[in-house]
Amino acid sequence: IPSNQVENWAKIEGDRFANAVIRGFHTELETVYEEKNMSLTRDSRKVSEALLSALFPDHPYGRQTVLGTQEHLKNPSITNIKRYYDTWYVPNNMAICLSGDFDPDQMVDLIKKYFGELKPNNSLPRLKVEPAKQPAEPVVREVYGLEAENITIAWPLNSAASEDAIYGELLSGILYNGQAGLIDLDIIQQQKALSCYGGAGFLTDKGYLMLQGRPKSGQSLDEVKDLMLAEVAKLCSGEWQDDLLTATVNNYKLQIQNYIDSNDGRATMLVDAFVDGIDWADVVARLDKMSKVTKEQLVAFAAKNFS
């Protein structure tokens, strides 16, 4: 928004959050229903839902999808929507993250003026989850659809605020970075599979490392699986060049630099820290922490979590 329109923005948004009028319920319901129908024809969506349910059977990440079930959508309740709004859209569950051309003191005064009357929910619910025991054997789910076959493998990790996030990000970059990771060098560049990639994902409560591959003509999914697991085995045994760690840290440093060079990137970093419950000082210190991680520490972490 233009900096000379900040007060108009604060006035409009403050009123929207304080005095929301729930309208368009049925038209939005039709939209979500259509999104659900579309998701049922997309193999990637079905794979994602099956993956999360296998990784996190004890958590809403795995127990309920964003779009819900068809049964949920058959029984909508505007009363429940209003109750949800009243419960969660409150100042003690919100952050206003701003970056740009404005005077900080004036901005704080505007926020107090237009958002200051919002009433907190002193009984804000807290999610209670009893951690499930890790299965002794791999959990296998088969998903059938119309698209080309693929295989996805994943391991559960801890949250975005945990040390797992630092180790997981580094290991995923060593495993696959689009140019010189283990998967890049050993599978993609040697054309051993049609496609293959990997990456780590971290949410507020949980995280994971995921690999996905597509077979060539005449190649089985088990063969692709074995190729990917062979690269994970190298990760766990330390069979990789030391400079891969340095390069991965430098890649992350470049990514952060690109973020903080834009207002959108800076605001997004603030939002992510707030949502994930990470102290901003820890966000600032993250790169320094990454730089101090040793190969020995990474190998030990990989062997413990991805064996």
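Assorted remarks:
- Which label in (1) 1.13; (2) 1.04; (3) 1.17 gives the computed Cα Rg over 2.2 N^0.38 Å: (3)
- The protection proxy used here, the mean number of other Cβ atoms lying within 10 Å of each residue, ranks peptides 215-228, 252-265 as follows, highest first: 215-228, 252-265.
- Note on Arg23 and Gln190: the extension gain reaches 54.5 nm, defined as 0.36 nm multiplied by sequence separation minus the Cα-Cα distance.
- The lysines within cross-link reach of Lys119, meaning a Cα-to-Cα straight distance under 27 Å and a gap of 8 or more places when in the same chain, are Lys11, Lys82, Lys128.
- Positive minus negative residues near Ala233 (Lys, Arg vs Asp, Glu; Cβ under 13 Å): -2
- Percent accessible area from carbon and sulfur atoms, the stretch 207-291, protein chains only, probe 1.4 Å: 51 percent
- Full extension of the chain between His72 and Lys234 gives 53.8 nm of extra length, using 0.36 nm per residue less the Cα-Cα distance.
- To put it simply, the accessible area of the stretch 17-101 at a 1.4 Å probe is 52 percent carbon and sulfur.
- Using the 1.4 Å probe convention, the accessible area of the stretch 17-97 works out to 65 Å² per residue with neighbouring protein chains retained.
- Links that overshoot a 28 Å alpha carbon limit, given the list Lys46/Lys216; Lys46/Lys225; Lys36/Lys192; Lys36/Lys216: Lys36/Lys192; Lys36/Lys216
- Only the Cβ atoms of Lys and Arg (+1) and of Asp and Glu (-1) were treated as charged; on that basis the dipole of the chain about its Cα centre amounts to roughly 700 debye.
- Theoretical FRET efficiency, 1/(1+(r/R0)^6), r = Cβ-Cβ of Ala281 and Asp109, R0 25 Å, to 0.05: 0.45
- Centre separation in Å (Cα based) which lies between the stretch 247-274 and the stretch 192-212: 20 Å
- Over the residues of the chain, the helix contribution to mean residue ellipticity at 222 nm works out to -16000 deg cm²/dmol, using -39500 (n - 2.57) for each DSSP H run of at least 4.
The values are calculated or read from the model by the stated rules, or taken from the named source; none is laboratory data. Here the structure is a predicted model, which is why all the values come from computation and not from measurement. Positions of Cβ are backbone-derived with ideal geometry, glycine not excepted, and every protein chain shown enters the neighbour counts. For accessibility, only protein heavy atoms count, side chains too; no ligands or nucleic acids. Shrake-Rupley method; radii C 1.70, N 1.55, O 1.52, S 1.80 Å.
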